[in-house]
Amino acid sequence: MSADIRAAVEAVLRKYTDPHLDQDPLSAGCVRGIDVQDGQVSVQLELGYAAAQFKQGWAQMLQLAIENIEGVRSARVEVSCVIAAHKAPAQVPALANVKNVIAVASGKGGVGKSTTAANLALALAREGARVGILDADIYGPSQGIMFGIAEGTRPQVREQKWFVPLEAHGVQVMSMAFLTDDNTPVVWRGPMVSGALIQLVTQTAWNDLDYLIIDMPPGTGDIHLTLAQKVPVAGAVIVTTPQDLALLDAKKGVEMFRKVNIPVLGVVENMAVHICSNCGHAEHLFGEGGGEKLAAQFGVDLLASMPLSMAIRLQADGGKPTAIADPESQIAMLYQQIARMVGARIDTSANSAQGMPNIVIADD
């Protein structure tokens, strides 16, 4: 009888698809145990991505389905989240106390990349992960402002070697802006910038991170190549707008990450549609469907199409981005969905990392 019930439980589990893994729990390898005793069923599931906002509802849905099986008196489904460390190529040294590094990049500026990076970090933290964010946009750092960190705040230095990241809204934050005068522009050549980035990444005393978000500068230059060679990046998120010019540059970003064997986890399309606050009229100011076409062209996920919203801008400028300023809003829910999808894509990415190509940068 127990064997029959167990088979029926497995059959039920195969009927439900995890929307983030795009597989049922059994096929995705999430089932850690099924116990049947006297008509009482206990199922243990383990997700490889942060999903605190999702797992309770997921467990309840599966529990109700199992309780409808003939012969089942009661059921209990427990869902836990265990985030594994990314297996980097042998030639790329691991980062101390960091499991997964996620690069957030765009081909051009002005598409909302930094705002997306900040909200992604905060959404991952709300999903129960330990998160840090590194502002690698050295020429135009903005994460300090978006995280509400007061101008002039400096990180502590430990053992004359380690920067202790600042913390805001439960996220560890590090930026070149914390080490320089806000009124003095950084006037450095490419190699100096790349060196500064690697120093920030490797000499910051990150505290037991599941995910480190790196807010990349726009473009596909020296910093991006240095990151690919020196930092074990688990995947990249490409941010664009539907505008043709932005999409053209975003394609270059996708191709660049592919050439250095960094998986593209998906595309976030910002400013997809503007909803008039007075009349509710929807208008695609920057074009329509561009992010979807880009994702389809390269065989990656369109993680979300975000609206052109004044709230996103005001909340980020005010030091409390949307993911925490208005966590129950529709926009915040989209950021939570992006966070879970990104974590799930890292979990399902090929753990067998390919060897890195030898990148040669010719001198001018």
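The values are calculated or read from the model by the stated rules, or taken from the named source; none is laboratory data. Since this is a predicted model, take the numbers as computed values, not measurements. A quick note on method: Cβ atoms are made from the backbone with ideal geometry, for glycine too, and the neighbour counts reach across all protein chains shown. For accessibility, only protein heavy atoms count, side chains too; no ligands or nucleic acids. Shrake-Rupley method; radii C 1.70, N 1.55, O 1.52, S 1.80 Å.
Which is modelled with pLDDT of 95 or more and either in a strand (DSSP E or B) or surrounded by 16 or more Cβ atoms within 10 Å (Cβ to Cβ) (or both), of Ala88, Ala50?
Going through Ala88, Ala50 in turn, just one is modelled with pLDDT of 95 or more and either in a strand (DSSP E or B) or surrounded by 16 or more Cβ atoms within 10 Å (Cβ to Cβ) (or both): Ala50.
Can you confirm whether region 205-212 contains a residue that is acidic (Asp, Glu), modelled with pLDDT under 90 and open to solvent by 10 Å² or more (accessible area, probe 1.4 Å)?
no
Quick check, is Val273 out of contact with any Leu (no Cβ under 6 Å at 6 or more places or on another chain), modelled with pLDDT of 85 or more, at negative phi and of a type in the set (A, V, I, L, M, F, W, C)?
no
Output the number of residues of region 277-300 satisfying the condition of being open to solvent by less than 50 Å² (accessible area, probe 1.4 Å) and either of a type outside the set (A, V, I, L, M, F, W, C) or at pLDDT below 80 (or both).
Here the count works out to 8.
Just name the residue that is farthest from Ile312 (Cα to Cα) out of those in region 139-165 that are open to solvent by less than 50 Å² (accessible area, probe 1.4 Å), touching a strand residue (DSSP E or B) at 6+ places or on another chain (Cβ under 8 Å) and aliphatic (A, V, I, L, M).
Val164
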